[in-house]
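First comes the structure, then the notes that go with it.
The values are calculated or read from the model by the stated rules, or taken from the named source; none is laboratory data. The model shown is predicted, which means the values in this text are computed figures rather than measured ones. Backbone-built Cβ (ideal geometry, glycine too); neighbour counts: all protein chains shown.
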Amino acid sequence: MSDLDELYQTLILEHNRRPRNFRQIEQPTAEVEGRNPMCGDTFKIWIRVDGDRIADVSFLGQGCAISKASASMMTTAIKGKTVEEARALFTRFQQVVTGRREAAEAGLNQAREVVGCLSAFAGVAAFPVRVKCATLAWHAMRTALDSSVPTP
Amino acid sequence: MPVATATAAQSSTGPNASRWPIESVRAEFPILTRSINGQPLVYLDNASTTQKPLKVLDALNEFYVHGAANVHRGVHTLSQEASAAYEAVRQRAADFLGAESSDEIVFTAGTTAGLNLVAGSYGGLVLGPGDEVLVSVLEHHSNLVPWHVAATRAGAVVRGIGLTSSHELDLDELRRTISKRTKIVAIGHASNVVGTINPVREIAGIAHAAGAVLVVDGAQSAPHLPIDVRTLGCDFFVCSPHKMYGPMGVGLLFGKAALLERMPPFMGGGGMIERVGVASSTYTRPPARFEAGTPPVGEIIGLGAAIEYLAGQNRLDALAYELELSETAIARLEELRGVAVAPAGADRLPVVSFTVEAIHPHDVGTVLDRFGVAVRVGHHCAQPLMEHLGVPATVRASFAPYNTMEEVDRLIAGVREAQRVFGA
């Protein structure tokens, strides 16, 4: 597989074409806009935290295939998770997209059962300039979590 | 000013392509032999910065190897040589832009720095509460934000002129909008996104009739069009030598002598004073008044070499050749299913913006890069124009006289490859 085909895996292209949770949810506990001023990509993330669990999460906005698919897959990955699990997942995800596979693998293998296919973004590591695309929605999500559930 | 236009070439050897000495032009630019991701580099990001010919690289090297010294500060031989070379470039730049005197040429750090200087110094001098600065929706952010800053400080307002249905700057709207409160009109000579060339001479007439000065952002035009500030009738003209085959980090500002004389310094420091006390200082005359601190002497000497390089070209032939490339690219992009070329006015530079249906420009850019084709993707620091065009971003291919028809082929093949990867 060429690195282009690895970057633009079928799963990523599919989420780009048909993003999940691409809507605005009712009664969010936080809404955060994630912006990349360098390229103009903009996503808005809505999140509803119920107790320590993410009851619902959604997004709208525009950006490249990597940022849009990442936002979509993030929403499916963290919905129903606890806030702490979601934060931990972001850390793993950052390791995946920056090529620190070994550090990430233990965590991701563990997480894969519940998370699915975030490792599809491992191809991003070969395109360092696109890491910010893959993590844009995640950063916004973390900010939304922080304002929903202040860290102790 | 007269602008050469070329019609779309039907084959890869149009009337200009066959005349242009492409092999010897390319031989001047060592970087063009580089491979990118295993493919020969196709450099189509010239509106962002051009590559540098050997002549410029040699001048930079010669200064740092044999001539490095500060200017206007020493009695030693090296400093005198550096000062003489530095001032010789000022004269060469004055001739290049058609200024009446080298006193009208200020060395800056680039177009952005030049526009900030004019907005900060001249804007600070003339703008008051309720006054207006007129700009257009075609502007690069560097011809918007400095005016926003200056207007906020003064309690003034920045207003934008739109485009006509034929994608030209709407001069009727300019005539309707301009008033006695308009102190400054700041317009790009040409769009960095779609290449539209604005009728600067006519705009100068409108501005002057209303008592305003005209500031021209020439970052895009100076690399392609012969510039004569007297013919253009502008009061200020700024450009970026790094887009004109010269080094990064230097810029040119032309300002009419009478205006520069009235303007306060923008930055204070060494080299721009007459007399300094602890509590106050007096400033020297322009242009030195606007050149505080140690300038990038080597880069300015490199700029001199870039001007020499441009002067050695038949610039109208170069433009006709570049336009043949860009017009061919436009025609071939428009043949591709799902590709939309952003509209521009009739007179334009060899700059092409386009979008590909269902594929974000960043993704097109990433695929092109994998095939060695360097383009710019994004909003191009022109968000008002993106809004006008109704797209968040575009892919931009911008041409230089060292590009070839084969490279147009590579661009088209790369776009088709993006469509394959995305199943579009």
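A few remarks follow.
- Number of the exception - residue B:267 against (1) at pLDDT 95 or above; (2) closer than 22 Å to residue B:22 by Cβ: (2)
- Count - residues of segment A:1-36 that are crowded, with 19+ Cβ neighbours inside 10 Å, more than 17 Å from the chain's Cα centre (by Cα) and more than 14 Å from chain B (Cβ to nearest Cβ): 1
- If you go through segment B:124-145 and keep only what is closer than 23 Å to residue B:171 by Cα and assigned to a helix (DSSP H, G or I), you end up with B:141, B:142, B:143, B:145.
- The requirement of being part of a loop (DSSP other than H, G, I, E, B), in contact (Cβ under 8 Å) with a residue 24 or more places away in the chain and more than 12 Å from every other protein chain (Cβ to nearest Cβ) is not satisfied by residue B:413.
- For segment A:110-117, the criterion of a residue being in a helix (DSSP H, G or I), at pLDDT below 85, crowded, with 20+ Cβ neighbours inside 10 Å and over 12 Å from the mean Cα position of the chain (by Cα) is satisfied by at least one position.
- Residue among B:69, B:99, B:84 that alone is aliphatic (A, V, I, L, M) and exposed (fewer than 14 other Cβ atoms within 10 Å of the Cβ): B:84
- In segment B:119-144, the residues that are among the aromatic types (Phe, Trp, Tyr) form Cβ pairs under 7 Å with partners that are part of a helix (DSSP H, G or I), at six or more places apart or across chains, as follows: B:122/B:259.
- Residue match in segment B:205-213 (condition: under 16 Å from residue B:97 (Cβ atoms) and surrounded by fewer than 24 Cβ atoms within 10 Å (Cβ to Cβ)): no
- Selection status of residue B:109, surrounded by 21 or more Cβ atoms within 10 Å (Cβ to Cβ), modelled with pLDDT of 95 or more and either touching a strand residue (DSSP E or B) at 6+ places or on another chain (Cβ under 8 Å) or aromatic (Phe, Trp, Tyr) (or both): no
- Of all residues in segment B:84-118, those satisfying the criterion of being among the hydrophobic types (A, V, I, L, M, F, W, C) and in contact with a Leu (Cβ under 9 Å, 6 or more places away or on another chain) are B:89, B:93, B:96, B:97, B:105, B:106, B:107, B:113, B:115, B:117, B:118.
Yes/no matrix, rows are residues, columns are (1) closer than 18 Å to residue B:138 by Cα; (2) in a strand (DSSP E or B); (3) free of Cβ contacts under 8 Å to residues at least 24 places away in the same chain; (4) not aliphatic (A, V, I, L, M):
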| position | (1), (2), (3), (4) |
| --- | --- |
| B:340 | no, yes, yes, no |
| B:343 | yes, no, no, yes |
| B:346 | yes, no, no, no |
| B:352 | yes, yes, no, no |
| B:363 | no, no, no, yes |
| B:366 | no, no, yes, yes |
| B:369 | no, no, no, yes |
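- Selection count, segment A:41-76, where residues are part of a strand (DSSP E or B), more than 10 Å from chain B (Cβ to nearest Cβ) and within 30 Å of residue B:379 (Cα to Cα): 9
- Pairing each residue of segment B:18-39 that is over 12 Å from residue B:51 (Cα atoms) with any residue that is in a helix (DSSP H, G or I) and among the hydroxyl-bearing types (Ser, Thr, Tyr), provided the two are 6+ apart or on different chains, yields C-beta distances under 6 Å for B:20/B:321.
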